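Only the coordinates and a few stated rules stand behind these numbers; no lab work does. Predicted, not measured: the structure shown is a model, and the values here were computed from it. Note that we place each Cβ from the backbone using ideal geometry, even for glycine, and neighbour counts take in every protein chain shown.
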Amino acid sequence: FAGSLAAVVKGFVEFDRRVRVAGVIANRTGSQRHREVLDQALRAADLPPLVGAVPRGSLPTLTSRHLGLWTANEQTLSAAVVD
């Protein structure tokens, strides 16, 4: 829901006025239309613009376990994941 993005961004913008939020990067976005709707919601609320979007499924997943991440000696990361 695009309105929830605007609400979250508004909270960040107003929480500490000394911090300037210049733009928003949305993650796990769907289609181009989804990104447009998010951008329109931010603009309608006079908030910082959507400057980037990371499509759903485009980032590698890191395995984890309940209540903690794997330690470095338990799992090695490939160069592709690190890059």
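Given (1) touching a Gly at 6+ places or on another chain (Cβ under 9 Å); (2) surrounded by 12 or more Cβ atoms within 10 Å (Cβ to Cβ), where does ILE25 come up short, assuming only one miss?
(2)
Could you please let me know if ARG43 is out of contact with any His (no Cβ under 9 Å at 6 or more places or on another chain), of a type in the set (Lys, Arg) and closer than 18 Å to SER58 by Cβ? Full working, then the answer.
Values: out of contact with any His (no Cβ under 9 Å at 6 or more places or on another chain): yes; of a type in the set (Lys, Arg): yes; closer than 18 Å to SER58 by Cβ: no.
Judged against the criteria, ARG43 is not a match.
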